[in-house]
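Single-structure report; data block below.
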Amino acid sequence: MECISVFDMLKIGVGPSSSHTLGPWRAAERWIKELKDINTFNKIEKISVDLYGSLSLTGKGHATDYAIMLGLSGYDPETIPTETIGSIISEIKNTKTLNFNNETPIAFNIEADIVFNKTFLPFHSNGLTFTATINGKNTKSTFYSIGGGFVVKETRENSKKNFEIKCSFPYPIDKGTELLQFCDTLDKSISEVVLENEKSIRSEKDIDKELKRIWDTMLECMYVGCHTEGNLPGGLNVRRRAFDTHQSLKGKKTYTTPVEWVYAIRDTKVKFRQILKWVSCFALAVNEVNASLGRVVTAPTNGSAGVIPSVLMYYIVIENHDANFEDIKRFLLVAGEIGSIFKKGATISAAMGGCQAEIGVSSAMAAGALCELLGGNPEQVLIAAEIAMEHHLGLTCDPIGGLVQIPCIERNAMGAIKAINAAEMALDTDPKNVKVPLDKVVSTMWETAKDMHTKYKETSEGGLAVGVNITDC
């Protein structure tokens, strides 16, 4: 059985999109490795890239061209100083030269060498083909960005089951029923079962280190978003709202670091109505950073990156002031496992399933994780995930101008609020009375995705995106 690690579902990268930015970036890296493996890298005279389907239709708004150039230039999305991205791209544009893998300068004209085709490849909606010219002859390699930063080649009939990572967990899980069976047999919580699986491929010390790095990135992202004002790039002139909301909520508390900020919020006497505002503020902050090519954690995608950190932040600063790293660890382990169940049984790609595959899945992940921290048993955790997804079924992906701004940023706030509500409802639910199990919702989501019209799957050709003039915004 194939398996997906928590760290496959929660990846650190650069916005604005896991499938349109992080995926193509990783594809460029993989292509370079291919060329080196067959000893042709140093023989290349020219390179070009063809984008297909959703990558071509919304690639400009999602900075797909930027991601490809950065990947081809040898930069890593986890470590690149995001403030340097603009100057790197400008240098390539102005000099018409790309430093291939930071090793070999090669002529590269952005306008001619990155082609936005308006056609779809049959295997998947997000296709891209790299072409290398060697001794006057072209050699091609095609990749598919299937959501969440996952990249595959066309080696199987069913793309949604074609994962990058293969391993052998001691407790293999494809469905919710299998997860519950292991919890029952081992007398463990969901987070404990997931931890045992993770420990089969890395030490617990490394697990803790990586989970802390993920949380630190989430926290930094929320902090930056709450302290940055102005308009988002891209032409829609969308004003950042997290800054204004944060200013109205924080009062006179002082702090100098993200950690001090957490304690400052904890010390604030939060009224009931303000709880909704704080959660929304956290979610908006993340996705405003994401929309401006900032560093975020795909959870499970960039477009839905704000839901999980905002719900976890809610638990830390409002629900439980004694929360510590062990709570964060449990939350992320549960969230990652629920996300993997959706990826295996359905999709986390908006190009394949609409926004239900992004915000819906992230809300389900956050709901289940919060439910465990609030004392829910394994059955109630999956009930929380089911409730959250059930009320996102059929949600379309219709970004205006191909930008992950309208309605995407607000949807993260809505998904976070739904996750909290779903967790609370699940805690009051007797599992014996549940009519719709999580696995049924997962399969229904996949059927809905297949029935959904293509124009509502991250193409900007349907829904809100139709008839909205960017210049009027």
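The values are calculated or read from the model by the stated rules, or taken from the named source; none is laboratory data. Here the structure is a predicted model, which is why all the values come from computation and not from measurement. All Cβ positions, even for glycine, are placed from backbone atoms using ideal geometry, and neighbour counts span all protein chains on display.
Among the listed residues GLY176, GLY234, GLY251, identify the single one that is surrounded by fewer than 16 Cβ atoms within 10 Å (Cβ to Cβ) and within 26 Å of MET414 (Cα to Cα).
The unique qualifying residue is GLY251.
Please enumerate the residues belonging to region 100-118 that are of a type in the set (Val, Ile, Thr) and under 10 Å from SER48 (Cα atoms).
Once the filter is applied, which keeps residues that are of a type in the set (Val, Ile, Thr) and under 10 Å from SER48 (Cα atoms), region 100-118 yields ILE110, ILE114, VAL115.
Collect the residues in region 280-297 that are part of a helix (DSSP H, G or I) and not charged (D, E, K, R), keeping them in residue-number order.
The answer is SER280, CYS281, PHE282, ALA283, LEU284, ALA285, VAL286, ASN287, VAL289, ASN290, ALA291.
Got at least one residue in region 93-109 being hydroxyl-bearing (Ser, Thr, Tyr) and in contact (Cβ under 8 Å) with a residue 12 or more places away in the chain?
yes
So if I check each of VAL434, VAL442, which one is of a type outside the set (Asp, Glu) and within 28 Å of PHE120 (Cβ to Cβ)?
Criteria check complete, one pass: VAL442.
May I ask you to say which residue of ASP439, ASP428, ASP398 is closer than 26 Å to LEU232 by Cα and charged (D, E, K, R)?
One residue alone meets the criteria, ASP398.
Determine whether region 361-383 contains at least one residue that is within 20 Å of SER56 (Cβ to Cβ) and either buried (at least 24 other Cβ atoms within 10 Å of the Cβ) or charged (D, E, K, R) (or both).
no
Take ASP430 and tell me if it is under 12 Å from GLY354 (Cβ atoms), free of Cβ contacts under 8 Å to residues at least 40 places away in the same chain and of a type outside the set (Lys, Arg).
Answer is no for this residue.
Out of the residues in region 399-427 that are modelled with pLDDT under 95 and touching a His at 6+ places or on another chain (Cβ under 9 Å), state the one that is surrounded by the most Cβ atoms within 10 Å (Cβ to Cβ).
VAL404
Which of the residues belonging to region 9-30 are buried (at least 24 other Cβ atoms within 10 Å of the Cβ) and in a helix (DSSP H, G or I)?
MET9, SER18, SER19, HIS20, THR21, LEU22, GLY23, PRO24, TRP25, ALA27, ALA28
Can you list the helices (runs of 4 or more DSSP H) lying wholly within region 361-465 that have 3 or more residues being closer than 20 Å to GLN181 by Cα?
378-390, 438-451
Using the structure shown, decide if LYS271 is in the same structural domain as ILE348 (by TED's automatic domain parsing), exposed (fewer than 15 other Cβ atoms within 10 Å of the Cβ) and either touching an Asp or Glu at 6+ places or on another chain (Cβ under 6 Å) or of a type in the set (Lys, Arg) (or both).
Answer is yes for this residue.
Just checking: which of the strands (runs of 3 or more DSSP E) contained wholly in region 66-163 hold 1 or more residues that are under 26 Å from THR217 (Cα atoms)?
The qualifying strands (runs of 3 or more DSSP E) are 137-147, 150-152.
Might you let me know whether region 51-61 holds any residue that is over 24 Å from CYS221 (Cβ atoms), at pLDDT 95 or above, among the hydrophobic types (A, V, I, L, M, F, W, C) and not in a helix (DSSP H, G or I)?
yes
Please verify whether region 298-320 includes one or more residues that are within 19 Å of the chain's Cα centre (by Cα) and either without any contact (Cβ under 8 Å) to a residue 60 or more places away in the chain or assigned to a strand (DSSP E or B) (or both).
Looking for residues that are within 19 Å of the chain's Cα centre (by Cα) and either without any contact (Cβ under 8 Å) to a residue 60 or more places away in the chain or assigned to a strand (DSSP E or B) (or both), one finds at least one in region 298-320, hence yes.
Restricting attention to region 194-252, which residues are at positive phi and within 22 Å of the chain's Cα centre (by Cα)?
Once the filter is applied, which keeps residues that are at positive phi and within 22 Å of the chain's Cα centre (by Cα), region 194-252 yields only GLY234.
Please verify whether region 45-56 includes one or more residues that are buried (at least 18 other Cβ atoms within 10 Å of the Cβ), over 28 Å from PRO399 (Cα atoms) and of a type in the set (A, V, I, L, M).
Yes, some residue in region 45-56 is buried (at least 18 other Cβ atoms within 10 Å of the Cβ), over 28 Å from PRO399 (Cα atoms) and of a type in the set (A, V, I, L, M).
Of the residues that sit in region 321-338 and are of a type in the set (D, E, K, R) and outside any loop (DSSP other than H, G, I, E, B), which one is farthest from ALA385 (Cα to Cα)?
Among those that are of a type in the set (D, E, K, R) and outside any loop (DSSP other than H, G, I, E, B), it is GLU326.
Please go through region 29-56 and pick out each residue that is of a type in the set (A, V, I, L, M) and within 26 Å of ILE201 (Cβ to Cβ).
Within region 29-56, ILE32 is the sole residue that qualifies.
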